[in-house]
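**Student:** Shown below is the structure under consideration.
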Amino acid sequence: MTTPTQQADHSGVAQGLLPAQFESSTRLKALVNAMVGPSDPTTWTIQELEDVLFQILDERWLATAGGEQLDGLGEILGEGRLSDDDEVYRRALYLRVLINCSCGEPERLIEVLDRLAVPGFVHLTIKPPAGVYLVAIEMTQDNYFDRVKHAASAGVHVLIAGGTGANPFIMGRARDGGGVQYGTAHPGGGMGYGVPGAPGTGGEYVALYEI
């Protein structure tokens, strides 16, 4: 969908369209100005109507709405408010939009989990006959993991593996030299086994979420 662009100077645009013989007509310009602008709440010109319509659009837009307007969008989407923080609620609503539009496609499941972990580092493996295995890094919203199940097709078994830290355990890292990288890993971190006697120096083991 194309985002509408607000015209802030209808009067200037309209006057610029006048034929050349009327360019110096102050009375005609005054008439045009009275019909289309500038914005004045006492005259309700075209400019004023557009300004009000864009205010309504802005206050009902998911990216910019707040308070009761955001609650109204939640009612439409079927997502109740669980936090007084508008930004927390807004993230939940964006997630609900993805779920409501999902037909269980693998790409959609990845997109949903992308909003619950570090974006761009979610991997999905299909497990026949009816299962998917997802791996994520730095998962921060595990209380929403059941939403991935709602985005999957009915009867599909979903298993998620991941940790909350920035240094997950990665087999492609050496145990010496601070974890020299052998393969592709999360650029923010990732470690192999810890050194003997200091397990904290290794990568974080993932948790499994069966939903």
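**Student:** Suppose we filter Leu124, Leu109, Leu95 for residues that are under 13 Å from the mean Cα position of the chain (by Cα), under 21 Å from Ala161 (Cα atoms) and not in a loop (DSSP other than H, G, I, E, B); which single one remains? Quick ask: steps written out before the conclusion?
**Tutor:** Numbers: Leu124 fails: under 13 Å from the mean Cα position of the chain (by Cα); Leu109 fails: under 13 Å from the mean Cα position of the chain (by Cα).
Criteria check complete, one pass: Leu95.
**Student:** Additional query: List the pairs whose first member sits in segment 1-29 and is under 30 Å from Asp58 (Cβ atoms), whose second member is charged (D, E, K, R), and whose Cβ atoms are under 8 Å apart, counting only residues at least 6 apart or on separate chains?
**Tutor:** Gln6/Glu50; Gln6/Asp51; Gln7/Glu50; His10/Glu50; Gln15/Lys29
**Student:** Looking for something out of contact with any strand residue (DSSP E or B) (no Cβ under 6 Å at 6 or more places or on another chain), in contact (Cβ under 8 Å) with a residue 24 or more places away in the chain and not in a loop (DSSP other than H, G, I, E, B) - is there at least one such residue anywhere in segment 127-145?
**Tutor:** Yes; the residues of segment 127-145 include at least one that is out of contact with any strand residue (DSSP E or B) (no Cβ under 6 Å at 6 or more places or on another chain), in contact (Cβ under 8 Å) with a residue 24 or more places away in the chain and not in a loop (DSSP other than H, G, I, E, B).
**Student:** Residues in segment 47-69: is at least one more than 30 Å from Arg147 (Cβ to Cβ), touching a helix residue (DSSP H, G or I) at 6+ places or on another chain (Cβ under 6 Å) and not charged (D, E, K, R)?
**Tutor:** Yes: segment 47-69 contains one or more residues that are more than 30 Å from Arg147 (Cβ to Cβ), touching a helix residue (DSSP H, G or I) at 6+ places or on another chain (Cβ under 6 Å) and not charged (D, E, K, R).
**Student:** Go through segment 112-127 and give me each residue that's of a type in the set (D, E, K, R) and out of contact with any helix residue (DSSP H, G or I) (no Cβ under 6 Å at 6 or more places or on another chain).
**Tutor:** Asp114, Lys127
Each reported figure results from applying straightforward, stated rules to the coordinates on display, with no laboratory input. Because the structure is predicted, anything quoted here is derived from the model rather than measured. Here the Cβ is made from the backbone with ideal geometry for all residues, glycine too, and neighbour counts use every protein chain on show.
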